[in-house]
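Novice: Please read through the structure below; I'll follow up with questions.
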Amino acid sequence: MSLTQVLHHQALLQDSIRMTAYHRAISEVVRPGDIVIDIGTGSGILSFLAAKAGARRVYAIEHGDIINAARKLAEVNGLGSQIVFVHSHSAAAEIPETADVVLSEILGHFGIEEDALAVSGCAREKWLRPGGTMLPAWLAINLVPVACPSVWEAIIGFWQRGLHGVDFSALARLAHQTPHLHDCTSAVGVAPPQTVARYDFASVENPPAVLDYSAEFMVCRSGTLHGLVGYFEAGLSPGVNISTGPHAPLTHWKQMFFPGEVPVPVEPGDRIMCRLKRGQGGVRFWFWSVVVTRGTKRLGQTIQFAPAMEISPRMVQVTESGYVPRLSQAGEARRRLFELSDGRRTLGEISALLYAEYPTLFSDMADARLQAASWLWRLLAKTP
Ligand SMILES: C[S@@+](CC[C@H](N)C(=O)[O-])C[C@H]1O[C@@H](n2cnc3c(N)ncnc32)[C@H](O)[C@@H]1O
């Protein structure tokens, strides 16, 4: 476990809005004697709160090494006998009983990035007893077109202004094609926000590989459109909701800002048509477009950003289902490494063979050994 991982969890634990909401929801939902499953326990905090709420047993699933810290914290806090730690990805985890409550906090900055939908759906099917409770219960993905000069200046204007006499404007293009994680609490909506998707965790199935959201906004106040703000709302329990919107108290999730290339003045009655699409497979990038119309005319300065990232055509091509992959030499070396890792050979023997077979890939034998160890690191069986 690295210090970076601990700092990541510290930021989560320091987010008092998140912590208070989850604490209240767990107190509301977990009954004495319940069996609870916590997916992605991290530091263990939600499992500890469930145990303190009276859960008979909590299964705390976590695939990262942070689980070792969680296990230790459970012992220090006298909760060790109530919590069973499962060091695994939830898809591979085995739990010997059904649960009254399946809880998780695997919400990304835009709600869905951490595979919350697929992971929760799978956990519900495998472990939740009929009539049991999912926490969160639902997730809504929201968009709002905004005026936010300071955010836009910090993200796009910075590159356009030049720096110490050097023209950096070429990078503005990249910046405006990228969604930014930013504090957008100063943003003012030029139209009411809209929910572009709502997922109910009691019934959510595997989400489609390509997420495709669209919305049409009617401008209700004069202002300058600088971009879109994306955020989520989650219903943790019947009495507890959490919002990461620009109008809500700031959380560690902040907001996702989809900036425009140029600010566009808008007036009441103008329409803003947005489409937001997330690619499939490894290309988890957002593509988006925004078209502003006044009456039947497109406004002179139409904002169009697609693709939303500096993605090479090749990157898109290799995620197509018809693409026929063929390994590079480095890929061949990895495949050979996996074949050789048969539970009998030592790393020294394996790296000697690799170095002999792929001499141009490594500077020396020690380099081959270190590379092999790093390629294998996350894939090693836990028992020798
Ligand atoms: C945002 S953190 C939340 C940690 C903790 N539950 C909390 O509320 O502070 C999400 C954690 O879930 C883990 N995680 C994400 N998806 C997982 C999965 N499908 N199976 C196991 N662990 C997962 C991550 O490694 C990370 O530690």
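Results for (1) surrounded by 10 or more Cβ atoms within 10 Å (Cβ to Cβ); (2) part of a helix (DSSP H, G or I); (3) modelled with pLDDT under 75, shown as yes or no for each residue.
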| residue | (1), (2), (3) |
| --- | --- |
| Ala308 | yes, no, yes |
| Val316 | yes, yes, yes |
| Thr319 | yes, no, yes |
| Gly322 | no, no, no |
| Pro325 | no, no, no |
| Arg344 | no, no, no |
| Glu349 | yes, yes, no |
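Novice: Between residues in region 43-54 that are touching a residue at least 40 places away in the same chain (Cβ under 8 Å) and residues that are near the ligand (Cβ under 8 Å from one of its atoms) and not in a helix (DSSP H, G or I), which pairs lie under 6 Å by C-beta distance while being six or more apart or on different chains?
Specialist: Close Cβ pairs (under 6 Å, with a partner that is near the ligand (Cβ under 8 Å from one of its atoms) and not in a helix (DSSP H, G or I)) amount to Leu46/Asp38.
Novice: Moving on to the next point. Please work out which residue is farthest from Ser88 (Cα to Cα), limiting yourself to region 364-384 and to residues that are over 31 Å from the mean Cα position of the chain (by Cα) and exposed (fewer than 11 other Cβ atoms within 10 Å of the Cβ). It would help to see each step written out before you state the result.
Specialist: Step one: list which residues in region 364-384 are over 31 Å from the mean Cα position of the chain (by Cα), which gives 364-369, 384.
Then keep just the ones that are exposed (fewer than 11 other Cβ atoms within 10 Å of the Cβ); that gives 364, 384.
Values: Asp364: 35, Pro384: 17 Å.
Of everything passing the filter in region 364-384, Asp364 is farthest from Ser88 (Cα to Cα).
Novice: Only one residue in Arg161, Arg173, Arg129, Arg198 is without any contact (Cβ under 8 Å) to a residue 24 or more places away in the chain and among the basic types (Lys, Arg). Which one? Don't jump to the end; show me each part of the working.
Specialist: Numbers: Arg173 fails: without any contact (Cβ under 8 Å) to a residue 24 or more places away in the chain; Arg129 fails: without any contact (Cβ under 8 Å) to a residue 24 or more places away in the chain; Arg198 fails: without any contact (Cβ under 8 Å) to a residue 24 or more places away in the chain.
Within the list Arg161, Arg173, Arg129, Arg198, the selection yields Arg161.
Novice: Let me ask another. Looking at region 41-93 only, could you name the residues that are over 23 Å from Ser2 (Cβ atoms), outside any strand (DSSP E or B) and more than 13 Å from the ligand (Cβ to nearest atom)?
Specialist: Answer for region 41-93, where residues must be over 23 Å from Ser2 (Cβ atoms), outside any strand (DSSP E or B) and more than 13 Å from the ligand (Cβ to nearest atom): Ala51, Lys52, Ala53, Gly54, Ala55, Arg56, Asn77, Gly78, Leu79, Gly80, Ser81, Gln82.
Novice: Let me ask something else. List, please: which pairs have Cβ atoms under 8 Å, are six or more places apart or on different chains, and start with a residue in region 1-14 that is more than 10 Å from the ligand (Cβ to nearest atom) and end with one that is at pLDDT 85 or above?
Specialist: Met1/Gly64; Met1/Asp65; Met1/Ile66; Met1/Asn68; Met1/Ala69; Val6/Ile66; Val6/Ala69; Gln14/His252
Novice: Cβ contacts < 9 Å: first residue charged (D, E, K, R), restricted to region 81-107; second residue in a loop (DSSP other than H, G, I, E, B) and surrounded by fewer than 19 Cβ atoms within 10 Å (Cβ to Cβ), any location; separation 6+ or different chain. Result?
Specialist: Qualifying pairs under 9 Å: Glu94/Ser88; Asp100/Arg31; Asp100/Gly33.
Novice: Residues that are among the aromatic types (Phe, Trp, Tyr) and either assigned by TED's automatic domain parsing to the domain that holds Arg124 or in contact with a Pro (Cβ under 8 Å, 6 or more places away or on another chain) (or both): does region 200-210 have at least one? I'd like the intermediate steps shown before the answer.
Specialist: We begin by selecting, within region 200-210, every residue among the aromatic types (Phe, Trp, Tyr); these are 201.
Imposing the further condition that a residue be either assigned by TED's automatic domain parsing to the domain that holds Arg124 or in contact with a Pro (Cβ under 8 Å, 6 or more places away or on another chain) (or both) reduces the set to 201.
The answer is yes; a qualifying residue exists.
Yes/no per residue for (1) touching a Phe, Trp or Tyr at 6+ places or on another chain (Cβ under 6 Å); (2) at pLDDT 95 or above; (3) closer than 19 Å to Ser289 by Cβ; (4) not in a strand (DSSP E or B):
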residue: Glu216; (1), (2), (3), (4): no, yes, yes, no
residue: Leu228; (1), (2), (3), (4): yes, no, yes, no
residue: Ala248; (1), (2), (3), (4): no, yes, no, yes
residue: His252; (1), (2), (3), (4): no, yes, no, yes
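Novice: Check Ala11 against each of (1) in contact with a helix residue (DSSP H, G or I) (Cβ under 9 Å, 6 or more places away or on another chain); (2) under 23 Å from Asn68 (Cα atoms) and name the one condition it does not meet.
Specialist: Going through the list (1) in contact with a helix residue (DSSP H, G or I) (Cβ under 9 Å, 6 or more places away or on another chain); (2) under 23 Å from Asn68 (Cα atoms), Ala11 breaks only (1).
Novice: When you check Pro179 against the structure, is it closer than 20 Å to Val264 by Cα and either modelled with pLDDT of 95 or more or outside the structural domain of Ile26 (by TED's automatic domain parsing) (or both), yes or no?
Specialist: Answer is yes for this residue.
Novice: Quick one: which strands (runs of 3 or more DSSP E) sit completely within region 110-198 and have at least 1 residues that are hydroxyl-bearing (Ser, Thr, Tyr)?
Specialist: Details: elements: 128-135, 138-147, 180-182.
Correct list: 128-135.
Novice: List pairs: first in region 235-251 and farther than 23 Å from Met134 by Cβ, second assigned to a strand (DSSP E or B) and of a type in the set (D, E, K, R), Cβ under 8 Å, 6+ apart or cross-chain?
Specialist: none
The values are calculated or read from the model by the stated rules, or taken from the named source; none is laboratory data. This structure is a prediction, so every number in the text was calculated from the model and none was measured. Note that each Cβ is placed from the backbone with ideal geometry, even for glycine, and that neighbours are counted across all protein chains shown.
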